[in-house]
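First comes the structure, then the notes that go with it.
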Amino acid sequence: MSGGPSQQLLSELASRPGGNSWADKLIRWVFISLSVMFLAALLISPLMIVLTSAFAKGASIYLKSFVDEDTFAAIRLTLTIALIVVPLNTLFGIAAAWAIAKFEFRGKSILITAIDLPIAVSPVISGLIYILLFGSQGWFGLWLQAHDISVIFALPGMLLATMFVTFPYVARELIPLMQQLGNDEEEAAITMGAGGLMTFIRVTLPKIRWGLIYGMILTNARAMGEFGAVSVVSGHIRGLTNTMPLHIEILYNEYNYVGAFAVASLLMVLAIITLLIKTVIEWRGLRG
Amino acid sequence: MAESRQHTVLPGFGLTVGYTTFFLSAIVLIPLAAMVLKASSLSFSQFIAVLLDPRVIASYKLTFGTSLLAALINVVFGFLIAWSLVRYDFPGRKVLDALIDMPFALPTAVSGIALTAVFAQDGWLGQQLARMGIQVVYTWLGITIALTLIGMPFVVRSVQPALAEVQRDLEDAAETLGANRFTVFWRIIFPTVLPALLTGFTMAFARGIGEYGSVIFIAGNLPMKTEITPLLIVIKLEQYDYVGAAALGCIMLGMSFVMLLSINLLQAWGRRRLFVGKR
């Protein structure tokens, strides 16, 4: 966890000989102001402009931009995708973390690298691979057409692409946590006759729950916000295969800036909530 | 501990390893392999022709150039930010610390349109820069700014823990022995933080090469000028040139592998250094 300087460290730095010389003060001032300026220009001003642009024509126009069938459909589709993808990837993350943290086996490091792969791969590729498999020219394209199943330009393709992109987050959160916690308590429970599932629910889950929750909300944020991968497989059919981020693009390209930033403001609030939960979990962790 | 794990009584080995491998193969590995297979339906000379098309070459230069520049900017400012957050206490430090992760959580389409609005000719910062004759939006500069935002948390979050690990008694000892501030920095702090800095750099660079959502709004996507490689894949798909898209995808996948390998090696190097230092 990142944390910051502890009180002990700060007092130690302050008590250091020469720690309060004019040169130290100058360096400190330069470092802090450069950091703040950099973050203000790059991070804080975009966040502010989302709000000012969304409310550029007043609160009533802002609210009106949500009273739109296509916007509504986009919000519904985004929620549907998140509701399906998050549980599936959570289950995967728990299984992967248990396998990797609790056992030694050959090929473990390859497995870890393979799990990380979706983070390093361009989101465009995550969409492309499913088009190559399930698109009209794809490996299963003819078969799917013959059975009247659409994967690409439909919900299943968007689910697959979103799953690919958000695949590693729960596992990456849980693996280091479970490795650090060790196996002693689980082994004790098993030795005393508890079943595997019981041991997981009663012994492991309480220890990892905050990491699990953070992994899940991060997966959720990425699932709701994914753009590139979903854009490639969606076909941008309004009211049908348009998620919130894709809808932002359509509104933006139609010069409906208030509408685009209004939808963007919802996703920004989601991101802020995600970070708030993360921060609270971290502070709790520091206290406990 | 390693021994007890090898002979552990814990159940679920077959189930969890099997499930993980199956799910991983179905969602990630087999689809990626299918892309490589699709690209291999091209003959070697056709494959090379796709990869060396002038428009594609222009996109490599742009994608790599801007990603590299953005990652370098992040090394400098990421270090400054990490240093300020770890070593100094100032009002708003905790809020700033929490905000660092914003680019991870914020959808790329949102940061894309927001950055475009900030740096447009009539935007808050775009106005000031336009007065100096600098155009950001629809140029490589705009792409660099978008990639800098996306890569920033990777460097900060990688350097922060390493900076906290620097042994202060070593610094104190060096100072007591008469080393000045810069000697302490170059001989003690910098070497300890270097692996983390390089890891963060590589992560930001890798992320930049693949980035799509936050770039396409600010890039303007002018052929030969501001088209990034991931966008060319999308364009090829829109033209139903699936094989060409797969060929470009393979090149980008190869790059990702190299990056992932470098990150793993750098992290292993960093861990080794840390443990040697502790003993």
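The values are calculated or read from the model by the stated rules, or taken from the named source; none is laboratory data. Quick caveat: nothing in here was measured; it's all calculated off a predicted structure. Neighbour counts are summed over all protein chains in view; Cβ atoms, including those assigned to glycine, are modelled from backbone coordinates with ideal geometry.
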Inset, instruction - Sort through B:Q46, B:Q121 and tell me the only one that's over 27 Å from A:I119 (Cβ atoms) and part of a helix (DSSP H, G or I). - result: B:Q46
Inset, instruction - Under 6 Å between Cβ atoms, at least 6 apart or on separate chains: pull out the pairs that start in region A:35-55 with a residue that is more than 7 Å from chain B (Cβ to nearest Cβ) and end on any residue that is part of a helix (DSSP H, G or I). - result: A:A54/A:Y62; A:A54/A:F261; A:A54/A:A262; A:A54/A:S265; A:F55/A:Y62
Inset, instruction - Kindly indicate whether B:F47 is surrounded by 18 or more Cβ atoms within 10 Å (Cβ to Cβ), farther than 29 Å from B:P153 by Cα and more than 7 Å from every other protein chain (Cβ to nearest Cβ). - result: yes
Inset, instruction - Only helices (runs of 4 or more DSSP H) wholly contained in region A:1-99 count here; list those with 3 or more residues that are hydrophobic (A, V, I, L, M, F, W, C) and either within 28 Å of B:P103 (Cβ to Cβ) or modelled with pLDDT of 95 or more (or both). - result: A:22-39, A:45-54
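Let's see how each residue does on (1) touching a residue at least 24 places away in the same chain (Cβ under 8 Å); (2) under 25 Å from the mean Cα position of the chain (by Cα); (3) closer than 30 Å to A:A262 by Cβ:
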site	(1), (2), (3)
B:V155	yes, yes, no
B:Q167	yes, no, no
B:E171	no, no, no
B:V193	yes, yes, no
Legend entry - All positions within region A:80-116 that are within 28 Å of B:Y212 (Cβ to Cβ), of a type outside the set (V, I, T) and in contact (Cβ under 8 Å) with a residue 40 or more places away in the chain: A:A82, A:L88, A:N89, A:F92, A:G93, A:A96, A:D116
Legend entry - Members of region A:88-124 that are more than 20 Å from B:S256 (Cα to Cα) and among the aliphatic types (A, V, I, L, M): A:L88, A:L91, A:I94, A:A95, A:A96, A:A97, A:A99, A:I100, A:A101
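Tell me yes or no: at least one residue of region A:177-184 is assigned by TED's automatic domain parsing to the domain that holds A:P206 and not in a helix (DSSP H, G or I). Walk me through it before giving the result.
We begin by selecting, within region A:177-184, every residue assigned by TED's automatic domain parsing to the domain that holds A:P206; these are A:177-184.
From the residues that got through so far, the ones that are not in a helix (DSSP H, G or I) too are A:182-183.
The answer is yes; a qualifying residue exists.
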Legend entry - Any hit, region B:116-131, residues being in contact (Cβ under 8 Å) with a residue 40 or more places away in the chain and in the same structural domain as B:I218 (by TED's automatic domain parsing): yes
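Between B:L261, B:L237, which is free of Cβ contacts under 8 Å to residues at least 12 places away in the same chain, closer than 27 Å to A:I152 by Cα and not β-branched (V, I, T)? Write out each step before concluding.
Numbers: B:L261 fails: closer than 27 Å to A:I152 by Cα.
It is B:L237.
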Legend entry - A:I84 vs. criteria among the β-branched types (V, I, T), under 24 Å from A:F200 (Cα atoms) and surrounded by 19 or more Cβ atoms within 10 Å (Cβ to Cβ): no
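Within the bounds of region A:152-175, is there any residue that is loosely packed, with under 15 Cβ neighbours inside 10 Å and more than 8 Å from chain B (Cβ to nearest Cβ)? Don't jump to the end; show me each part of the working.
Pass one, region A:152-175, residues loosely packed, with under 15 Cβ neighbours inside 10 Å: none.
Looking through region A:152-175, none of the residues is loosely packed, with under 15 Cβ neighbours inside 10 Å and more than 8 Å from chain B (Cβ to nearest Cβ).
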Inset, instruction - Taking only region A:246-288 into account, find how many residues are surrounded by 22 or more Cβ atoms within 10 Å (Cβ to Cβ) and of a type in the set (V, I, T). - result: 3
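Identify all residues within region A:180-190 that are under 20 Å from A:S109 (Cα atoms) and more than 10 Å from chain B (Cβ to nearest Cβ); write none if there are none.
Here is the first cut: in region A:180-190, the ones under 20 Å from A:S109 (Cα atoms) are A:180-183.
Scanning region A:180-190 gives A:Q180, A:L181.
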Inset, instruction - Mind checking which helices (runs of 4 or more DSSP H) fall wholly inside region B:156-261 and carry at least 2 residues that are within 10 Å of chain A (Cβ to nearest Cβ)? - result: B:168-176, B:190-210, B:213-219, B:229-238
Legend entry - Members of region B:10-43 found to be surrounded by 13 or more Cβ atoms within 10 Å (Cβ to Cβ) and touching a residue at least 12 places away in the same chain (Cβ under 8 Å), listed by number: B:L32, B:M35, B:V36, B:K38, B:A39, B:L42
Legend entry - Pick from region B:84-119, criterion touching a Phe, Trp or Tyr at 6+ places or on another chain (Cβ under 6 Å) and of a type in the set (A, V, I, L, M, F, W, C), ranking: surrounded by the most Cβ atoms within 10 Å (Cβ to Cβ): B:A109
Inset, instruction - Among the residues of region B:86-108, count how many are of a type outside the set (A, V, I, L, M, F, W, C) and assigned to a loop (DSSP other than H, G, I, E, B). - result: 6
Legend entry - Residues of region A:26-43 that turn out to be of a type in the set (G, A, S) and either over 28 Å from B:A114 (Cβ atoms) or crowded, with 19+ Cβ neighbours inside 10 Å (or both), as a count: 1
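Residue by residue, here is whether (1) part of a helix (DSSP H, G or I); (2) touching a helix residue (DSSP H, G or I) at 6+ places or on another chain (Cβ under 6 Å); (3) more than 7 Å from chain A (Cβ to nearest Cβ); (4) touching a residue at least 24 places away in the same chain (Cβ under 8 Å) holds:
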| position | (1), (2), (3), (4) |
| --- | --- |
| B:S59 | yes, yes, yes, yes |
| B:F64 | yes, no, yes, yes |
| B:S67 | yes, yes, yes, yes |
| B:V75 | yes, yes, yes, yes |
| B:V110 | yes, yes, no, no |
Legend entry - A:I190 being part of a helix (DSSP H, G or I), free of Cβ contacts under 8 Å to residues at least 12 places away in the same chain and more than 30 Å from B:V215 (Cα to Cα): yes
